Structures are given as structure tokens and as C-alpha cells.
Amino acid sequence: MRAAIEVRDYRRDTLPRRILEEARVEGKLAVWREGLAAAEIPGHDRTALPAVDALAIWTAPPGPGELRAALAEVAPVRVYLFGRDPGLDRPEMFTRRLAGLAKHALSANGGRTTLSSLAAATAQREATVLAGLEWLAARGDIRMAPGEGDEVCLEAVQSVEREPLAEAEIARVRARLEALLAETAAYRAFFRSADPDTLVGHI
């Protein structure tokens, strides 16, 4: 086990971007940001975090497993906590974002994509992304098949070909998706209020 990590807590700072830019000046810094923040904040998602001395956690992680994995990947000696809400935990926001990503995968990559990349783009856990894809498939919006590793293969469905499952089955899949999103929302709330050393501690 490594020594305790130095934690700098800016979760309640009113000028987080200014603090982040000041942190960049201090030295090599990996900025972990996901979801819509990827278009606004230069940095990395969970699939491409570099090993450097300092890690800024810009968006609040979707769960403790993702946080542990990021800390293990970067192995920082210093962590900056920002924990911004990516705004994708409400079912409507998440499903809209996921449907857009699925559409992009269909048009740009022949329907091939990965759970890990979709999870990073939606700032969610892979289990939540899978449940979201299953919901889209249950509605008849897409067809989905597993690939190698975490790859998934999506297929577009023409409106005349749509064959949604029974309403009860769609509702069951939707309920599971909403439960997973609620778990993530609860964890993010915990992340924004918990003792910083409890969150990061040791790796």
C-alpha cells in the first residue's frame, strides 16, 4: 500500500475552472472529465488516463469502482477534488445522450462501439450503459449483439421493421435502468459531501 495521497478539496469552490488552470501550471496533471464536460475541459476519460503525479477529478465518478480504477491507473501523489455533476443521471438526459451516441456509432463505425467508451461519454457505469442499450433494443429502436471483450455491435432498425417487446418487458428494463441511474446519483451526492481523505485515502 502506498503512502497517503495529498488531497486538495475544491468541491465547493465557486471558481473551479480558475483553480483547475492554476493546478495545470503547477506541473503535469491528468484531468479526469467525462460526459458533456469532455467538450469543454481539456483532459482524459477513464479509458486514457496517463500515469502522472497529480490527478484532478473534475466530474464526480459514477461509482467507487470507477474511482478506484482511476486512482490505480494514474497512481497520483496529489489529487484535486472538484466533483462536478455531469448532469446525466436523470433517465431522460441519459437516454437522449446514449441514443445520440448509438446513432453516431451506427453512422461512423458501422455500429461497432464499446461499453467502456459509451460509459465514459455518458459519465456512467458500464452496467448502466448496457441497461440503456437493452432498453433501446426493447423499444425496437436498435438491435444489439455482443462482440469481443466489451465491444457491442449495434444495428439500425427502420421504422417499418420495429418490433418492440411487450410493454411489461419494456417497463421492467426501464425500471432496472432507472435503479442503476439512481445508484449513481446517490454515489455522486456522497462524493460531493464525504470526507476527502475517506474518498481517496490510499491506493
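Since every read-out is calculated from the coordinates, none of them should be taken as a lab result. Being a predicted model, the structure only gives us computed values, none of them experimental. We place every Cβ from the backbone using ideal geometry, glycine too, and count neighbours over all the protein chains shown.
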Open item on the list: Can you give the local net charge around residue 114? Use residues other than it whose beta-carbon is closer than 11 angstrom to its beta-carbon, Lys and Arg +1, Asp and Glu -1.
Closed with: -3
Open item on the list: So if I take the alpha carbon set of the range 91-185, get Rg, then get Rh from the Kirkwood formula, what is the Rg over Rh ratio?
Closed with: 0.94
TODO: Using DSSP, restrict attention to beta bridges with both residues in the chain and report what percent are antiparallel, rounded to the nearest 5.
DONE: 35 percent
Open item on the list: For the chain, compute Rg over Rh where Rg is the Cα radius of gyration and Rh is the Kirkwood radius from the inverse mean 1/r over Cα pairs.
Closed with: 1.02
Open item on the list: Using Cα springs under 10 Å in a Gaussian network model of the chain, which residue among 54, 186, 39 shows the largest mean-square fluctuation?
Closed with: 39
- [ ] Name all residues of the range 129-156 having a backbone nitrogen under 18 Å from the label point set 7 Å from the Cα of residue 109 along its Cα→Cβ direction, giving them as ranges.
- [x] 129-134, 136-137, 142-156
- [ ] Grab the Cα-Cα distance for residue 189 and residue 21, subtract it from 0.36 nm times how many residues apart they are, and report the gain in nm with one decimal.
- [x] 58.0 nm
TODO: For the chain, give the magnitude of the charge dipole about the Cα centre (Cβ charges: +1 Lys/Arg, -1 Asp/Glu; no others), in debye to the nearest 20.
DONE: 380 debye
Task: Pairwise FRET efficiency - residue 134 versus residue 168, Cβ, R0 = 25 Å, nearest 0.05 - done: 0.95
Task: Alpha-carbon centroid distance for the pair the range 149-183 / the range 41-90, whole angstrom - done: 29 Å
